[in-house]
Structure formats: structure tokens, C-alpha cells
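The values are calculated or read from the model by the stated rules, or taken from the named source; none is laboratory data. Keep in mind that what you see is a predicted model, and the values were worked out from it rather than measured. Cβ coordinates were reconstructed from backbone atoms using ideal geometry, including for glycine residues, and neighbour counts include every protein chain displayed.
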Amino acid sequence: MDLLPQWLLEWSRIYVNPFLKIQIRVMLHALLRGALDVILLITFPLTLSVSSQTIWNRRYQFTAVQQERIMEWADISRLIAYQEDIPPVVPLVLWYKESGLKTENPLNCEGIMGLYSDVQSGELPCFPAGASTPWELAYQLQLGARTFKEYCPAVSYTTTDPQLLKQCYLYYNAGPRTQINPASSGYVMNGYDNAHQNMLHVDVQGREYQLQALGAWPTHLAIQAQLMQRGEPAPAKLVRAPLMLAREVLAKIETKISAVKINELGSARATTTCRVPVVQACFVAPHQDGEPGLRPLTSPFLETPVQRSNIACDLLPGVDFLPAKTSLILAPLPGELTRYTDQYGHLAIQIENEEWTVWLTGLRAYVAREGRVTAGAVVAAVGGAGSQTALTHYTIYDKIRAGFVDPLSFLPVDSCPTVQ
């Protein structure tokens with residue numbers, strides 16, 4: 001510093017040093033602010049995704065692992081059910097009820113299907129605890145299916161009668177000589193609705209405890225709803241939960257905007273319908289007596305849809321519809337609403353009263369909460385043509401006749417779909 005003139009040092013002290021200090025502060029401030037913006041840019045959508053997934057995880061009927069296992073074993077379950085002449089999803093239901101769809105044998109020798117009586121009697125050997133091969137799992141699924149049929153010979157591959165199926169699930173758990181009413185059995189009904197929560201259950205060894213897991217009947221319905229939507233496109237996993245929540249908010253806004261039209265359509269129940277009921281394949285003739293106010297005579301579609309299939313005889317026999325655009329879905333009858341959601345973003349609802357049950361699958365968003373709904377109330381929304389949730393499947397089950405019926409014979413004539 002001695003080589004520099006005194007005047008230059010003085011000038012630097014007065015003019016240069018303050019300038020540098022100010023610029024360093026500005027630069028540091030800008031750098032920190034930029035870093036904060038980058039952190040927010042990264043963490044905000046990540047936080048939104050994680051928090052949204054937490055909300056939607058609470059709505060799932062099964063865990064992600066269980067849902068993946070249902071998809072993986074659905075075809076094997078169907079094949080086994082066909083061979084043993086029981087309904088297609090029963091092996092999966094029994095597997096869930098006895099071991100939560102786990103692939104490891106428990107320590108009690110009963111295997112994944114809870115074959116207590118057969119093991120205790122010596123009819124079957126002890127199933128060694130630990131992981132099972134796929135072949136061993138399939139073998140046990142078939143053994144459980146065979147026992148189900150043996151305890152309930154009245155059931156068949158095409159059985160859909162809820163009362164018979166509930167009775168059969170009870171027989172599988174408590175034995176074919178039990179006198180218990182399935183409606184009061186926790187094994188059969190736990191989690192079905194608000195009246196069937198945390199039900200008491202007594203196992204075969206006499207131990208009593210409160211159930212947390214779904215009963216066999218709601219499990220049957222949930223698996224059925226999930227498999228009905230297998231193969232449909234799903235949003236990317238990272239954006240799935242926030243997208244589903246955003247769709248729900250938009251659907252509720254659309255409900256308020258369309259309030260007048262909803263009231264007009266919701267209050268109109270069919271006096272003339274699209275056609276005479278088709279009685280063929282998987283459809284029976286609907287009953288004509290009973291309570292008129294319980295019939296599903298309100299159109300579920302706010303916008304008139306296009307009919308995409310005549311009859312689809314699957315897990316839930318019915319008809320596929322394609323609304324021309326995003327549309328709200330109305331309750332076609334009064335009853336108890338239940339929502340079924342899977343981890344892939346597929347949504348479905350069931351509405352049931354004393355005489356009828358309807359299902360609507362392939363939904364875009366929920367609007368109504370679970371519980372009692374009136375005919376014409378907005379319950380959901382569909383995406384319509386060009387969306388990832390384009391097709392909507394509509395099913396009606398006649399509880400009096402114990403069979404599925406033609407949905408087109410219940411649509412009001414002014415809501416008849418155009419045929420594509």
C-alpha cells in the first residue's frame with residue numbers, strides 16, 4: 001500500500017469502498033431472493049402434491065399395495081371362480097378378509113385363506129409360515145373358493161343377489177350351520193355404512209374384538225368397482241391427487257352455476273322412458289310394484305349423452321355413455337351414497353335404497369359426501385368426450401327381482417341418448 005499515493009488511497013476510502021459495500025449488499029440480496037424463488041418453485045408443487053395425496057389416501061377403500069394386488073390377481077381370481085362356480089371377485093374378497101391380501105402364510109397354519117376347520121380336522125396339512133410362491137397362492141385361492149362353494153352350494157358364477165352373497169360370506173366365516181343374521185355380522189358388514197362401523201366380531205376361537213377392516217360385503221363392492229374401471233387411463237402419479245382435488249372444486253363451482261337447470265331436471269321424474277325393458281343376457285324384467293318414489297326414474301346426466309354400448313354384461317351389467325362435454329351427474333333415485341376410489345384416480349359411486357341399487361363408474365370428480373341423497377341431487381361430474389374420464393358406465397340392480405335391469409328403460413324419454 002506504500003507504493004500508492006496518499007491522495008489515491010483517500011479517494012478510494014471516500015468513494016470506492018462505500019460503492020463496493022452497497023453493491024455487495026444488493027448482490028447478496030438478489031442472490032438470496034433468487035434462491036428463495038427457486039426453492040418455492042420446487043417445493044410448492046411438491047408440497048401441494050404430497051398434501052393432496054394425504055387427503056386422497058384417506059378416501060381409498062384399500063391401501064396402494066392391496067389395490068395393486070387386486071389388479072395383479074383379478075384374472076386368476078376370475079378363472080378360479082369360473083372353475084369352482086362362484087362369483088368372480090369372491091376369491092379376492094376371501095383373501096382380503098383372511099389375510100389382508102398378504103402373500104405370506106401366517107403362523108397359525110391356516111394359510112392366506114383362513115382355512116381353520118380344514119387344517120384342524122387334518123383334511124389339509126399345515127401351511128408353513130412365510131412367503132408363498134405364486135403357484136402356492138393360486139392353490140390356496142382355489143382351496144378357499146372350493147370351501148366357499150361347499151358351504152354355500154346355492155351360489156354360482158353369475159350370482160349377484162346381495163342377500164345370498166352376504167349369507168354365503170357368513171357361512172364361510174362361521175360355518176354353514178350358523179343362525180346369525182348376516183346384517184349383524186361384523187365379518188360380513190363392517191364399514192358398509194354409518195350403521196355398521198367398528199362392529200364386534202367373535203372369531204372361531206371365541207375371541208371377541210372390534211373390527212377395523214372392511215367387512216366381506218363392502219369389500220366385494222369395492223373390488224367390483226375397482227375392476228370395472230381397469231385399463232382406463234389415469235393421470236401421472238405426481239399430479240394425480242392435486243388434479244383430483246381441483247376437479248372436485250371445479251365441479252362444485254359448476255353445481256352453483258347450473259343450479260337452475262339442475263332444479264328443473266332433478267325435479268322431473270320419468271313418466272315415459274326411452275324403451276321397453278330389454279330382458280336378455282344379464283338383464284331381468286324389473287319389478288313394477290313397490291314404492292314409486294324409490295325407482296331410479298331421474299336421469300343421472302345433466303347433459304344428454306351418447307350411448308356407446310347396448311348391453312355390457314360384466315361385473316356390473318349396464319350401458320356405457322359418452323357425454324359430449326364435461327357434465328354433472330345427478331342421483332337417479334333417493335338412497336345411501338357410497339364412494340369408491342382407487343389409487344389410480346378412478347372414481348365410482350353406489351346409491352342404494354330398499355328396492356334398487358345403482359352404480360356410476362368412470363367419474364371425473366365427486367360432489368356429494370357419503371350418506372343420504374335425494375333424487376336429482378348433484379353427486380359427481382364426468383369428463384365427457386376428449387377427456388381422460390370420457391366413458392361413464394351406468395348400472396341398475398333390482399333388489400326385489402335379484403337381478404340387473406336395462407338402464408335405458410329407466411331414462412326419461414327427453415334424456416334418451418343418441419346412439420353412436
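Here's a check for you: in the stretch 154-181, which residue that is of a type outside the set (Phe, Trp, Tyr) and within 13 Å of residue 81 (Cα to Cα) is surrounded by the most Cβ atoms within 10 Å (Cβ to Cβ)? First the steps, then the outcome.
From the stretch 154-181, those of a type outside the set (Phe, Trp, Tyr) are 154-156, 158-168, 170, 173-181; that's our starting set.
Filter again for within 13 Å of residue 81 (Cα to Cα), leaving 155-156, 158-159.
Values: 155: 22, 156: 14, 158: 12, 159: 17.
This residue is 155.
Need the failing condition index for residue 98 against (1) surrounded by 14 or more Cβ atoms within 10 Å (Cβ to Cβ); (2) in contact with an Asp or Glu (Cβ under 8 Å, 6 or more places away or on another chain); (3) at positive phi, just the number.
The one condition residue 98 does not meet is (3).
Looking at (1) touching a residue at least 24 places away in the same chain (Cβ under 8 Å); (2) among the polar types (S, T, N, Q); (3) more than 17 Å from residue 403 (Cα to Cα), which one does residue 181 not meet, given that it meets all the others?
All conditions pass for residue 181, except number (1).
Please specify each residue of the stretch 378-420 satisfying the condition of being buried (at least 19 other Cβ atoms within 10 Å of the Cβ) and part of a loop (DSSP other than H, G, I, E, B).
Within the stretch 378-420, 383, 384, 389, 390, 391, 406, 410, 411, 417 qualify.
Working carefully through the options 322, 297, find the one that is closer than 20 Å to residue 230 by Cα, surrounded by fewer than 24 Cβ atoms within 10 Å (Cβ to Cβ) and out of contact with any helix residue (DSSP H, G or I) (no Cβ under 7 Å at 6 or more places or on another chain). Steps first, please.
Details: 297 fails: closer than 20 Å to residue 230 by Cα.
Answer to the selection: 322.
Of the residues 260, 276, only one is more than 17 Å from the chain's Cα centre (by Cα), at pLDDT 90 or above and of a type in the set (Val, Ile, Thr); which?
Going through 260, 276 in turn, just one is more than 17 Å from the chain's Cα centre (by Cα), at pLDDT 90 or above and of a type in the set (Val, Ile, Thr): 276.
Would you check if residue 121 is farther than 26 Å from residue 184 by Cβ and buried (at least 19 other Cβ atoms within 10 Å of the Cβ)?
For residue 121, the condition - farther than 26 Å from residue 184 by Cβ and buried (at least 19 other Cβ atoms within 10 Å of the Cβ) - is not met.
Only one residue in 119, 89 is in the same structural domain as residue 217 (by TED's automatic domain parsing), β-branched (Val, Ile, Thr) and modelled with pLDDT under 90. Which one?
Numbers: 89 fails: modelled with pLDDT under 90.
119 is the lone residue from the list that is in the same structural domain as residue 217 (by TED's automatic domain parsing), β-branched (Val, Ile, Thr) and modelled with pLDDT under 90.
List, please: which pairs have Cβ atoms under 7 Å, are six or more places apart or on different chains, and start with a residue in the stretch 228-251 that is under 21 Å from residue 314 (Cα atoms) and end with one that is polar (S, T, N, Q) and at pLDDT below 75?
Close Cβ pairs satisfying both conditions: 233/388.
For the subset of the stretch 358-369 comprising residues that are touching a residue at least 60 places away in the same chain (Cβ under 8 Å) and out of contact with any His (no Cβ under 8 Å at 6 or more places or on another chain), which member is surrounded by the fewest Cβ atoms within 10 Å (Cβ to Cβ)?
The qualifying residue surrounded by the fewest Cβ atoms within 10 Å (Cβ to Cβ) is 367.
Can you name every residue in the stretch 142-199 that is farther than 20 Å from residue 100 by Cα, charged (D, E, K, R) and over 24 Å from the mean Cα position of the chain (by Cα)?
Listed by number, the residues that qualify are 149, 150, 177.
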